[in-house]
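Colleague: Below are the structure tokens for one structure; questions will follow.
The values are calculated or read from the model by the stated rules, or taken from the named source; none is laboratory data. The structure presented is a predicted model; accordingly, all values stated were derived computationally and were not measured. Ideal geometry is used to build each Cβ from the backbone, glycine not excepted, and the neighbour counts take in all protein chains shown. Protein only, heavy atoms only, side chains kept; ligands, DNA and RNA dropped before computing areas. Shrake-Rupley method; radii C 1.70, N 1.55, O 1.52, S 1.80 Å.
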Amino acid sequence: MALTCTFNRWGTLLAVGCNDGRIVIWDFLTRGIAKIISAHIHPVCSLCWSRDGHKLVSASTDNIVSQWDVLTGDCDQRFRFPSPILKLQYHPRNLDKVLVCPMKSAPVLLTLSDSKHVVLPVDDDSDLNVVAAFDRRGEYIYTGNAKGKILVLKTDTQDLVASFRVTTGTSNTTAIKSIEFARKGSCFLINTADRIIRVYDGREILTCGRDGEPEPMQKLQDLVNRTPWKKCCFSGDGEYIVAGSARQHALYIWEKSIGNLVKILHGTRGELLLDVAWHPVRPIIASISSGVVSIWAQNQVENWSAFAPDFKELDENVEYEERESEFDIEDEDKSEPEQTGADAAEDEEVDVTSVDPIMAFCSSDEELEDYKALLYLPIAPEVEDPEENPFGPPPDTAGQAASTEDGSAHAGSGEKKQRQPSSEGAPPKKKARTTTIELQGVPSDEVHPLLGVKGDSKSKKKTAGRPKGSKGKEKDSPFRAKVFKGDRGFPLDGEGGGGAKGKVQAEVSGKPSPQPLPAHE
């Protein structure tokens, strides 16, 4: 069952964290599963792609943060925290730094190469319900606490450069639930406990300096139902804002410049929303509820008359009357006009070899695309009961492989394994290094919000994660894994290179109701 999802920078891959600890990477163009990483034992609660798409960081509800190599599926390193992780985020430009927001703790800036960490300064040591986010380029870190205080810290030195307080009315403060930045422009939004989404301009915040009083550009809220917001984010171009309701599967979309509500998308009744992600370059939204990923998009209508104003669509073939010399290579009757303007340009050589960078994938301070970026994952075909192993080890290791217990190098028919050609015949994987992060004064008995409400004695004992044949024991948990014969069930359908084609398709006009399918035996 899906709990969280995130697109890579180009929107070609969608990573989905599941409650059985797996990370499923979904190819957004083929609508198929490109890779499954058995990442954690406990549910995955947060995911983030690196800028070049080669790495993923994930956090699970047992307080472990891991970095993954997307191509090989190997774990590079792990970090163990004393309290549950609410959010993690790669530095937008520096792949060596990760921002981690542990529960009841100040945010932590991890350096992956030397496993060191820096605890960020907070406004009030008694209030450690802090959320944090990098700005668009990673120059500053914005943190917000339960008393509505926003601090802007320089990422390199952790010096305070600006601060302000979010207030409701005159002096009442409201807790900061999340801070989200747009991919383009300098805008960011703050989701607060008073159910209002405030949009600010980052440049104005820096201009106001410490204890400034900047005014939000927009205040967005549902005045009718007073809806609290579970997750908010910007569209790829930063012109729209989508917010998912914390009460039901409903998405509200506003236009940022005017602040008007453009559309409300309603999902299946009675379902609770867990996560929302907007595609980086297309008008597509992914939302998660009841363990299923729903994809919201518009129906594409082909409008051929847009190509030329006098274009006519024909219902059936019409006999065409050819004009005299219309299709002749050279028209003998035509007089030679002087070549001017557009006609002269036709004789120029056209460069058809060099590739122009796609501007949607470039930042404003970049001229070229990142050519080392990982846009797609190679998928090996899955062979049912192969007679001989087509992906066998090289000849020099064939002798070693033959001496294994079953005398063959391939997986048995009863156990389906996703083939990873890159790892065939490779040396054994080295175990990932685990670093324990010590944080002073942080309680170690906290329970992640996904697992239950603190204070409920039952929820602490309840262990979500991979099912171990326990029937009926986890009936209360909304994230109960569905166990199917042959494999752990995953509602995106299939495993390995299987296709989830059409299973999670949803249209704006209709309701997204993808049906979970059992995995094949």
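Colleague: What is the percent carbon and sulfur in the accessible area of segment 84-160, measuring with a 1.4 Å probe over the protein chains and ignoring ligands?
Modeller: Numbers: 1320 of 2710 Å².
It is 49 percent, rounded to a whole number.
Colleague: How much area per residue is accessible in segment 1-79 when the probe is 1.4 Å and only protein heavy atoms are counted (Å²)? Mind dumping the intermediate values first?
Modeller: On the way: 1530 Å² over 79 residues.
Normalised by residue count, the accessible surface of segment 1-79 is 19 Å².
Colleague: Run the dipole for segment 196-340 about the Cα centre, Lys and Arg Cβ at +1, Asp and Glu Cβ at -1, nothing else charged, and hand back the magnitude in debye, nearest 20. Let's see the in-between values first.
Modeller: Values: 15 positive and 28 negative charges, 576 e Å.
Here segment 196-340 has a charge dipole of around 2760 debye.
Colleague: With a 1.4 Å probe and all protein chains left in place, how much of the accessible area of segment 30-73 comes from carbon and sulfur atoms, in whole percent? Don't skip to the end; give the middle numbers.
Modeller: On the way: 570 of 1020 Å².
Carbon plus sulfur share of accessible area: 55 percent.
Colleague: When the dipole is taken about the Cα centre of segment 1-60, and only Lys, Arg (+1) and Asp, Glu (-1) are charged at their Cβ, what size is it in debye, to the nearest 20? Don't skip to the answer; put the middle values down first.
Modeller: Details: 6 positive and 3 negative charges, 24 e Å.
Its charge dipole is roughly 120 debye.
Colleague: Can you give the accessible area of THR353 in Å² (nearest 10), computed on protein heavy atoms with a 1.4 Å probe?
Modeller: Accessible area of THR353: about 120 Å².
Colleague: Follow-up. Which order do peptides 220-226, 1-7 fall in by mean Cβ count within 10 Å, highest first? It would help to have the intermediate numbers written out before the result.
Modeller: Numbers: 220-226: 13.7, 1-7: 22.4.
The densest-packed peptide leads the list: 1-7, 220-226.
Colleague: Next question, about the same structure. I'd like to know which of HIS91, ASN172, ALA162 lies farthest towards the positive end of the charge dipole of segment 70-173, counting +1 on Cβ of Lys and Arg and -1 on Cβ of Asp and Glu.
Modeller: Of the candidates, ASN172 comes out farthest on the positive side.
Colleague: Give or take rounding to whole Å, what are the principal axis extents of the alpha carbon atoms in segment 66-196, in descending order?
Modeller: Largest to smallest, the principal-axis extents are 54, 35, 28 Å.
Colleague: Taking the mean number of other Cβ atoms within 10 Å as a proxy for protection, how do you rank 370-377, 72-79, 136-143 from highest to lowest? Show your work: numbers first, answer last.
Modeller: On the way: 370-377: 14.4, 72-79: 18.4, 136-143: 20.1.
Result, highest mean Cβ count within 10 Å first: 136-143, 72-79, 370-377.
Colleague: At 1.4 Å probe radius, can you tell me the per residue accessible area of segment 175-214 in Å²? It would help to have the intermediate numbers written out before the result.
Modeller: Numbers: 1670 Å² over 40 residues.
Computed with neighbouring chains in place, this is 42 Å² per residue.
Colleague: Right, something else. Could you order ARG165, ARG9 by accessible surface area, starting with the largest, using a probe radius of 1.4 Å? Spell out each step's value before the answer.
Modeller: Values: ARG165 100, ARG9 40 Å².
Result of the area sort, largest leading: ARG165, ARG9.
Colleague: Find how much the distance from ARG269 to SER444 grows on full extension, using 0.36 nm per residue of separation minus their present alpha carbon separation; answer in nm with one decimal.
Modeller: Numbers: separation 175, 0.36 × 175 = 63.00 nm, distance 3.70 nm.
Full extension of this stretch gives 59.3 nm more.
Colleague: Checking the table LYS256/LYS372; LYS55/LYS87; LYS154/LYS256 against a 23 Å threshold on Cα-Cα, which pairs fail? The partial results should precede the final answer.
Modeller: Details: LYS256/LYS372 34 Å; LYS55/LYS87 17 Å; LYS154/LYS256 27 Å.
Over 23 Å Cα-Cα: LYS256/LYS372; LYS154/LYS256.
Colleague: At a Förster radius of 30 Å, what calculated FRET efficiency corresponds to the Cβ-Cβ distance of ASP69 and ASP127, to the nearest 0.05? Intermediate values should be presented prior to the final figure.
Modeller: Numbers: r = 38 Å, r/R0 = 1.26.
It comes out at approximately 0.20.
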